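Let me begin by presenting the structure, written as structure tokens, before commenting on it.
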Amino acid sequence: MSYMEFYKESNEQATERFDLVMERIAEIKEETDVPAVYDPYFRKTAEFLLAVAEILRKKEDGRLESRTLEECEQDNAAMFRDTVVENYGTSFANPAYAVATLGAEYGQILSALLVTLRQAIGDAFAGKKLNVTIRAELFVEIYNHFEAEEIDKKEIEQSLYWFYHDYSEIFVGDAIRTQVCAKEDFLKNIVMNSDLNDLRYLYLSGDYVGENELGVASFLNTLPEEEIQAMADTYTEGYRIGFVNMGVDLSKKLTAQIIYPLGFERMVRAAIRNFEKMGLDVTMRIMSTPVNKQYSYDHKDDRALYMDKAYVERRLEVMKTTFEEYKKEANGHAGPAVIETFGEVPFSPETKEENLKLNEKQQQLSLYEMSMSGQLRNQYIIGEERSFTIISYPLPAIGEKFQEIFAETVKINTLDYKLYQGIQQKMIDVLDTAEKVHITGKGENKTDLYVSVWQLEDGTKETAFENCVADVNIPVGEVFTSPVLKGTTGKLFVSQVYLNELKYLNLDIDFEDGVIKNYTCTNFEDEAECKKYIKDNVLMNHDTLPMGEFAIGTNTTAYRMARDYDIADKLPILIAEKTGPHFAVGDTCFSHQEEVESFNPDGKVIRAKENDFSMLRKEDMAKAYFNCHTDITIPYDELDKITVIRKDGSKIDIIADGRFVLPGTEELNKPLDA
């Protein structure tokens, strides 16, 4: 059964509704009966929805696949014209423009509505007629409110509220099913059945196709099959080794989820075949770079319009019902295999008064939903039985040396893990003797931090640090632990860092007994705005977070690449975390897997897998996990020392003046000194 079988009945039932609502929208496009100030918004939005409807019709009668390249480009432009950077300043999708032209009372609402309607694009390309229809009906319902003699803002807000409340079965259900059920094969069919040399295939999923997507696909088409296969092998073998290291039987699983950026289909096709050899089918999700990061940032809190306790509980109820329906598929799901990209111009967002913002109560509800949905997901996709892998490659946006940097990245992803394994073991042997580790910055870097280390009962059989080579986190190159919170105290400082694609200047975080006590940066003149920026995007609206990980990155080759090509500010956290010591705030690396025994290559069992918060999981899961984990790296050139301090007061340096000085680790300095 193909994915369209899931939607056959609902599509048939929606046909009459679809025809009626599109007929009404066509009338709105020609003439409106709303106050003149709102006329351009409704007519332009009606035009957009009619273009979406035409995509759906092309999908239904097979015309999507037969379009010329020029027609593909025209359709793609029609779908994304309002959100590309060059047009965003005068787009109703921009809250600032919407408020300026439509007024403060309704500008925010109508801008958020447009974002909701834009989500119909992917549904149209996938042939989900009901999904397109309900969004179109919402548009007409809101339009009707503006036709009234007296516009009632509360009624408009109620229309949005009940739309999201009533259709949770569709939105939440689709998301879960596409994660765990291999019969949802929309993307797999494109990857496996298209002629990947004919770049028209890029226009079949409904995602934005720009220079990066076209550039990557074209470049991969120039590579010999053996290079493509080697890239896929590195990716899928890391996934397999993750299960081996956990001692989990991968043969009992049914699916892996491939999450990838548009343009990498040649590699993904080879990876699918590799997974099939492991006995795994795949589910898939495209995770492309946003068309416009400011657009995404502006609308990240649009739920402020309709989020309340009943809405959250409704979503959780649907989530549980859907997982129960697909219990077998969820239990057989092995976890995500992710391909990330890097290379775009670093993004520092503009903060706008016009953006919707969650109030304090909604922030707490958001945290509650995150916690409860995490618990539900872990109940059905059992944490102790799943793993993951992540690998990263550059985009053409990185500059004219894209192909060189791509080749260097492939080399970094395939470094000799045995060499690193041996060097890192020497570090772990010393780190395991530590009571604390002292980390200090140099120059203008104000880092002065003590990290408490798990005390071992039997150092001949146990370790506090994982020897991380190229498995779940590719590339190779770190040793890490879950710190003991008590005594983990001091200042963490980085002059410039990119976290979750957002830029932070002079990020300054103080820890006391392992939890964040204070934080600031210099992104904005107003310190209150700086604190809010960090709370929203690093603390994820928590009042505080613990330090969930302390690690020492050892991939000096990646650091050298960043220096040679001047791309340190463009590296993804996956690579950046390997280029210096890093500290994660949030959950530990072993979240939901504390009970699973993990071993280093030397056979020692890893004991430092939890902290004072995760230990609460048997009493109150909501207090045990924060459902976030953000790595903050100090680059070698801002680092002075990493010093092991033993119980007897003796000390030994791992790094001094930014160079590895522990005997047996000097090989790591060669790329730094090249």
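Bear in mind these aren't lab numbers, they're just calculated from the coordinates by the rules spelled out. Predicted model, so just to flag it, every value in this text is computed and none were measured. So basically every Cβ, Gly included, is an ideal-geometry build from the backbone, and we count neighbours across all protein chains shown.
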Using only Cα atoms, find the angle between the long axis of helix 402-413 and the longest principal axis of the chain, and express it within 0 to 90 degrees, rounded to the nearest 10. 50 degrees
Taking the Cα centre of each part, how many Å lie between the stretch 89-132 and the stretch 445-494? 45 Å
Estimated vicinal HN-Hα couplings, Hz - the stretch 597-613 in sequence order (Karplus 6.51, -1.76, 1.60; Gly, Pro = x): 6, 10, 10, 7, x, 7, x, 6, 7, 7, 9, 7, 10, 8, 9, 4, 7
Any GluC sites (Glu not before Pro) in the stretch 317-420 that lie in a DSSP loop and have at most 11 other Cβ atoms within 10 Å would be 350, 353, 400
Rounded to the nearest 500, the 222 nm mean residue ellipticity computed for the chain from DSSP H runs (n ≥ 4, each -39500 (n - 2.57)) alone is -14000 deg cm²/dmol
Mean separation of Cα pairs under 8 Å and 6+ residues apart, divided by the residue count of the stretch 415-673: what relative contact order is that in percent? 22 percent
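Among 446-456, 388-398, 142-152, how do they line up by average Cβ neighbours within 10 Å per residue, starting with the highest?
Values: 446-456: 19.5, 388-398: 22.2, 142-152: 13.9.
Top to bottom by mean Cβ count within 10 Å: 388-398, 446-456, 142-152.
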Do you know the relative contact order of the stretch 186-286, to the nearest whole percent, from alpha carbon pairs under 8 angstrom that are 6+ apart? 35 percent
Mind checking the angle between helix 107-118 and the chain's longest principal axis? C-alpha axes, 0 to 90 degrees, to the nearest 10. 90 degrees
Note on the stretch 186-286: alpha-carbon gyration tensor, axes a ≥ b ≥ c; rule is a/c under 1.5 for rounded, else prolate if a/b larger than b/c, else oblate; result prolate
Local electrostatic count at residue 121 - Lys and Arg +1, Asp and Glu -1, tallied over other residues with Cβ under 15 Å: +1
What does the charge count around residue 351 come to, taking other residues whose C-beta lies under 15 Å from its C-beta (Lys +1, Arg +1, Asp -1, Glu -1)? -2
Starting from the stretch 1-92, pick out the GluC sites (Glu not before Pro) whose DSSP state is loop and whose Cβ has at most 11 other Cβ atoms within 10 Å. 31
What is the angle, in °, between the Cα long axis of helix 168-180 and the longest principal axis of the Cα atoms in the chain? Nearest 10 is fine, range 0 to 90. 50 degrees
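What is the extension gain from residue 244 to residue 359, computed as 0.36 nm multiplied by their sequence separation minus the C-alpha to C-alpha distance, in nm to one decimal? Please report the intermediate quantities before stating the final value.
Details: separation 115, 0.36 × 115 = 41.40 nm, distance 4.47 nm.
Using 0.36 nm per residue and subtracting the Cα-Cα distance, I get 36.9 nm.
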What FRET efficiency do you get for residue 648 and residue 87 if R0 is 51 Å and r is their Cβ-Cβ distance, rounded to the nearest 0.05? 0.20
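Once you've got the Cα coordinates, tell me which of 609/641; 293/531; 491/570 are over 23 Å apart. Before the final figure, lay out the partial values.
Numbers: 609/641 25 Å; 293/531 21 Å; 491/570 25 Å.
Where the Cα-Cα span goes over 23 Å, the pairs concerned are 609/641; 491/570.
Find out how many positive minus negative residues lie around residue 164, taking Lys and Arg as positive, Asp and Glu as negative, among other residues whose Cβ is under 10 Å from that of residue 164.
Values: positive: 303, 314, 315; negative: 166.
Result for the local shell: +2.
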Taking θ = phi - 60°, what integer Hz values does the Karplus form 6.51 cos²θ - 1.76 cosθ + 1.60 yield along the stretch 245-259, in sequence order, with x for Gly and Pro? 5, 7, x, 9, 7, 5, 5, 7, 8, 9, 9, 10, 9, 8, 10
Whole-angstrom gap from the stretch 323-381 to the stretch 201-261, using each part's C-alpha centre: 22 Å
